[in-house]
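Visitor: Mind having a look at this structure? Questions to follow.
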2 protein chains.
Amino acid sequence: MTTYDAPPPSGSGPVTERGERTRRKLIGAAEAELGEKGFHKASISSITQRAGIAQGTFYLYYRSKEEIFRALVEHMNRTMRRHLSEAIDGARDRLEAERLGLGAFLSFCREHGHLYRIVMEAQFVDPEAHQYFFRSLADSYAERLRQAQQRNEVSDGDPHAQALALIGIAFFMGQRHWIWDQPPTDEDALATATAIIEKGLTPPSTRGGK
Amino acid sequence: MTTYDAPPPSGSGPVTERGERTRRKLIGAAEAELGEKGFHKASISSITQRAGIAQGTFYLYYRSKEEIFRALVEHMNRTMRRHLSEAIDGARDRLEAERLGLGAFLSFCREHGHLYRIVMEAQFVDPEAHQYFFRSLADSYAERLRQAQQRNEVSDGDPHAQALALIGIAFFMGQRHWIWDQPPTDEDALATATAIIEKGLTPPSTRGGK
């Protein structure tokens with residue numbers, strides 16, 4: 001286990017409403033700057049320029065490029081999980097939640113075109129933040145699956161392994177357009193992946209009494 | 001489409017048996033050096049030291065660190081696919097091939113501890129090589145699935161999406177120990193992932209005449 005299981009929000013700047021707005025602007029600018037240029041070529045001065053904020057103000061919120069990078073990875077983790085959580089709210093059961101969740105993840109990828117580059121670069125820039133991104137995602141996913149197993153909505157098995165399998169499917173479906181230079185949305189591909197998930201997770205008792 | 005669909009083996013050095021041995025030593029040393037240090041901190045002099053080869057000899061085979069990095073990514077692609085292909089040779093059907101293939105992939109990851117770091121760093125160092133790694137893998141996987149669909153061994157659907165889903169499951173199962181700092185092998189986790197794959201791909205006609 002690392003010491004990175006429950007990070008507080010990074011940065012220690014003002015927490016007034018105006019301060020929160022400034023922080024959001026900086027994170028938004030960091031997403032564009034770090035996503036387009038990568039960590040090593042990105043600069044704090046470009047981030048503040050993009051944000052329309054004086055460079056000195058940056059240091060009221062973050063001590064360094066490393067610190068805003070970590071804050072950005074955490075921000076993308078929280079934003080993505082909130083987006084997914086809202087998308088599956090009201091699903092009748094876990095299988096419907098999976099179907100809605102996969103669609104929501106792919107739409108999140110389209111809106112946040114730099115998601116992969118930022119999260120994967122973290123593996124080299126800040127391995128703890130990278131590990132935290134996937135561990136926190138998989139842990140909360142596994143907990144939902146464990147509860148769904150108890151309701152007999154998904155088949156038995158190690159819920160962490162189920163979570164990894166589902167994250168893996170979503171992760172590669174989100175890279176599909178990039179692997180083959182194809183348009184991001186394809187209903188056939190989405191239906192195929194959804195079918196694997198639904199059939200793969202359906203508990204035996206709901207499949208014709210097997 | 002990129003111009004990188006069918007790369008010749010990188011490097012243009014001697015092709016005698018002795019030359020081939022030297023090239024293999026260099027690639028083995030590059031795997032260790034680039035995997036341990038990452039691209040930016042790795043050096044040609046360390047690679048040749050590890051290989052026990054004079055530094056000048058390196059340039060008979062590769063022009064630069066960039067070139068041996070690309071050659072290494074291609075080498076890992078070929079080695080991995082050969083390993084998987086041998087593992088599934090003799091499988092009775094595609095589902096058995098999937099089961100054997102997942103186990104073989106995980107054993108390959110254990111033997112090549114730097115696989116992820118090297119392939120994922122390629123995303124930043126040599127995006128074409130990174131794309132080629134996954135595209136070639138997914139294309140040949142999809143072709144095998146397409147043939148298995150014709151034999152009614154797996155369910156219908158976009159074979160490329162099926163390939164991506166299966167690659168995604170294997171990819172994240174191979175990172176399991178790292179995400180949670182756990183031992184690499186866990187029979188429950190493997191059985192759970194295998195069950196998702198088998199149920200997810202089984203064609204309707206073999207599931208109780210549905």
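The values are calculated or read from the model by the stated rules, or taken from the named source; none is laboratory data. Since this is a predicted model, take the numbers as computed values, not measurements. Positions of Cβ are generated from backbone atoms using ideal geometry, with glycine treated the same way; all protein chains shown enter the neighbour counts. Side chains included, ligands, DNA and RNA excluded: accessible areas come from the protein's heavy atoms. Shrake-Rupley method; radii C 1.70, N 1.55, O 1.52, S 1.80 Å.
Visitor: With a 10 Å radius around each residue's Cβ, average the other Cβ atoms per peptide and rank B:173-179, A:20-26, highest first. Before the final figure, lay out each step's value.
Guide: Values: B:173-179: 20.4, A:20-26: 17.1.
In descending order of packing, they fall as B:173-179, A:20-26.
Visitor: Angle between the Cα long axis of helix A:17-37 and the longest principal axis of chain A, 0 to 90 degrees, nearest 10?
Guide: For helix A:17-37, the angle is close to 80 degrees.
Visitor: Quick one: angle between helix B:159-173 and the longest Cα principal axis of chain B, in degrees between 0 and 90, rounded to 10, please.
Guide: Once rounded, the angle reads 70 degrees.
Visitor: Once the piece of chain linking B:Gln182 and B:Arg146 is laid out straight, how much longer is it, given 0.36 nm per residue of separation minus the C-alpha distance between them? Walk me through the intermediate numbers first.
Guide: On the way: separation 36, 0.36 × 36 = 12.96 nm, distance 3.56 nm.
The span from B:Gln182 to B:Arg146 would gain 9.4 nm if fully extended.
Visitor: Using the charge dipole of chain B (Lys, Arg: +1 at Cβ; Asp, Glu: -1 at Cβ; taken about the Cα centre), state which of B:Ser155, B:Leu145, B:Pro203 has its Cα farthest towards the positive end.
Guide: In chain B, that residue is B:Leu145.
Visitor: On to the next question. Could you work out, residue by residue across A:174-184, how many beta carbons of other chains sit within 10 Å of that residue's beta carbon, and then give the average as an integer?
Guide: Values: counts 2, 6, 6, 0, 6, 13, 8, 4, 1, 0, 0.
Per residue, the average neighbour count from other chains is 4.
Visitor: What is chain A's relative contact order, in percent, from Cα pairs under 8 angstrom and six or more apart in sequence? Let's see the in-between values first.
Guide: Values: 196 pairs, mean separation 42.0, N = 210.
RCO, chain A: 20 percent.
Visitor: Here is the link list: B:Lys25/B:Lys65; A:Lys37/A:Lys65; A:Lys65/B:Lys65. Which ones come out longer than 18 Å on Cα distance? Write down the numbers at each step before the final one.
Guide: On the way: B:Lys25/B:Lys65 15 Å; A:Lys37/A:Lys65 13 Å; A:Lys65/B:Lys65 28 Å.
Distance filter (> 18 Å) returns A:Lys65/B:Lys65.
Visitor: Same structure, new question: Report D for chain B in µm² per second (integer): Stokes-Einstein, Kirkwood Rh on Cα pairs, 4 °C, 1.567 mPa s. Kindly include the intermediate steps, with their values, before the conclusion.
Guide: Details: Rh = 18.7 Å.
Estimated diffusion coefficient is 69 µm²/s.
Visitor: State, to one decimal in nm and shortest first, how far the label point of B:Thr79 sits from each corresponding label point in the other identical copies (label point: 7 angstrom along Cα-to-Cβ).
Guide: Those label-point separations list as 3.9 nm.
Visitor: Chain pair A, B: how much accessible area is buried, both chains summed, with a 1.4 Å probe, in Å² to 100? Mind dumping the intermediate values first?
Guide: Numbers: alone 11660 and 11690 Å², together 19280 Å².
So the total buried area for this chain pair works out to about 4100 Å².
Visitor: Oh, and also: When only alpha-carbon atoms are used, what values of Rg and Dmax, in angstrom, describe the protein assembly as shown?
Guide: Spelled out, the Cα radius of gyration and Dmax of the protein assembly as shown are 22.8, 71 Å.
Visitor: Separate question: What shape does the stretch A:105-210 have by the C-alpha gyration tensor, where a ≥ b ≥ c are the square roots of the eigenvalues, rounded means a/c under 1.5, and otherwise prolate means a/b greater than b/c and oblate the rest? Working shown, then result.
Guide: Numbers: a/c = 3.14, a/b = 1.39, b/c = 2.26.
Oblate.
Visitor: Please compute the modelled spin-label separation between A:Arg24 and A:Glu86, points set 7 Å along Cα→Cβ, answer in nm with one decimal.
Guide: Each label point lies 7 Å from its Cα, and together they span 1.1 nm.
Visitor: Next up: How far apart, in nm, are the 7 Å Cα→Cβ label points at B:Glu66 and B:Arg78?
Guide: 2.2 nm
Visitor: Between copies, how far does the label point of B:Ser43 sit from its twins, in nm, shortest first, when each point is 7 Å from Cα along Cα→Cβ?
Guide: Copy-to-copy label distances at B:Ser43, shortest first: 2.8 nm.
Visitor: What average number of partner chain Cβ atoms lie no more than 10 Å from the Cβ of the residues making up A:194-204? Write out the running numbers ahead of the final one.
Guide: On the way: counts 3, 9, 13, 3, 2, 9, 11, 4, 2, 1, 1.
Shielding by partners across A:194-204 averages 5.
Visitor: Moving to a separate point now. Taking all protein chains as present, what is the carbon and sulfur share of the accessible area of the stretch B:65-202, in % to the nearest whole number, probe 1.4 Å?
Guide: Numbers: 2550 of 5270 Å².
It is 48 percent, rounded to a whole number.
Visitor: Round to the nearest 10 and report in Å² the accessible area of B:Arg146, as given by a 1.4 Å probe over the protein chains' heavy atoms.
Guide: 90 Å²
Visitor: Indicate the gyration tensor shape class of the stretch A:92-152 (rounded, prolate or oblate), computed on the Cα atoms with a ≥ b ≥ c the square roots of the eigenvalues: a/c under 1.5 is rounded; otherwise a/b larger than b/c is prolate and the rest oblate.
Guide: Taking the square roots of the gyration eigenvalues as a ≥ b ≥ c, the stretch A:92-152 is oblate.
Visitor: When ligands, DNA and RNA are left out and all protein chains stay put, how many square angstrom of accessible area per residue does the protein assembly as shown have with a 1.4 Å probe?
Guide: Details: 19280 Å² over 420 residues.
Normalised by residue count, the accessible surface of the protein assembly as shown is 46 Å².
Visitor: Here is a follow-up. When you count, for each residue, the other Cβ atoms within 10 Å and take the mean per peptide, how do A:136-144, A:49-57, B:193-201 rank with the highest first? Working shown, then result.
Guide: Working: A:136-144: 17.9, A:49-57: 13.8, B:193-201: 22.3.
The most tightly packed comes first, giving B:193-201, A:136-144, A:49-57.
Visitor: By how many degrees, between 0 and 90 and to the nearest 10, does the Cα long axis of helix A:94-111 differ from the longest principal axis of chain A?
Guide: 30 degrees
Visitor: Mind ranking A:Leu145, B:Leu106 by accessible surface for me, highest first, 1.4 Å probe?
Guide: Greatest to least solvent exposure: B:Leu106, A:Leu145.
Visitor: Now for a separate question. Averaged over peptide B:123-136, how many Cβ atoms belonging to another chain are found within 10 Å of each residue's Cβ? Working shown, then result.
Guide: Values: counts 8, 8, 0, 0, 2, 0, 0, 3, 5, 1, 1, 6, 4, 1.
For peptide B:123-136, the averaged partner shielding equals 3.
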